[in-house]
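> Structure provided below as structure tokens; questions to follow.
The values are calculated or read from the model by the stated rules, or taken from the named source; none is laboratory data. Worth saying up front: this structure is predicted, and the values here are computed from it rather than measured. Because the Cβ atoms are built from the backbone with ideal geometry, glycine has one as well, and the counts that use them run over all protein chains shown.
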Amino acid sequence: MSLASAFLLNQVEDVSGDFAALENAFSQAANLTEFDAAGAAGMLRWKRNARKPRLVFNQFVAPYEEAKAWEFPPEYAENPETPLALSSRTGCSAPGNF
């Protein structure tokens with residue numbers, strides 16, 4: 001490893017390559033399965049997606065498509081649901097907040 005490619009402590013790491021790689025799986029929010037407006041909380045369902053390469057009119061594209069787990073035994077849930085809670089910030093000193 002050269003000194004130019006070494007990762008230094010407190011240096012920002014570029015993770016954009018992980019999103020362009022075709023072999024990675026991604027969990028993307030699919031829908032809100034339940035939501036309580038009074039409590040501002042609910043459950044969010046995630047879908048497992050992967051980038052699928054396509055050749056369309058002489059252009060190479062790799063859109064996200066739903067992907068099934070192929071590991072055995074499965075390490076992660078296929079379409080997990082996680083709790084979601086919304087809250088508002090008060091006293092925020094954002095520009096324009098007087």
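> (1) surrounded by 10 or more Cβ atoms within 10 Å (Cβ to Cβ); (2) modelled with pLDDT under 85; (3) of a type outside the set (Ser, Thr, Tyr): which one isn't true of ARG54, the others all being true?
Exception for ARG54: condition (2).
> Shifting gears a bit: Collect the residues in segment 24-42 that are part of a loop (DSSP other than H, G, I, E, B) and surrounded by 10 or more Cβ atoms within 10 Å (Cβ to Cβ), keeping them in residue-number order. If you could, list the steps in order and put the result at the bottom.
Restricting attention to segment 24-42, the residues satisfying the condition of being part of a loop (DSSP other than H, G, I, E, B) are 24, 37-40.
Residues satisfying the conditions are ASN24, ALA40.
> I'm trying to understand the selection: among the residues of segment 35-54, which are under 22 Å from TYR76 (Cα atoms) and over 14 Å from the mean Cα position of the chain (by Cα)? Walk me through it before giving the result.
Quick first cut of segment 35-54, residues under 22 Å from TYR76 (Cα atoms) only: 42-52.
Passing the criteria: GLY42, MET43, LYS52.
> A follow-up question, please. Confirm whether ARG45 is touching a strand residue (DSSP E or B) at 6+ places or on another chain (Cβ under 9 Å), surrounded by 11 or more Cβ atoms within 10 Å (Cβ to Cβ), in contact (Cβ under 8 Å) with a residue 24 or more places away in the chain and charged (D, E, K, R). Spell out how you get there, then give the answer.
Details: touching a strand residue (DSSP E or B) at 6+ places or on another chain (Cβ under 9 Å): yes; surrounded by 11 or more Cβ atoms within 10 Å (Cβ to Cβ): yes; in contact (Cβ under 8 Å) with a residue 24 or more places away in the chain: yes; charged (D, E, K, R): yes.
Spelling it out, ARG45 is indeed touching a strand residue (DSSP E or B) at 6+ places or on another chain (Cβ under 9 Å), surrounded by 11 or more Cβ atoms within 10 Å (Cβ to Cβ), in contact (Cβ under 8 Å) with a residue 24 or more places away in the chain and charged (D, E, K, R).
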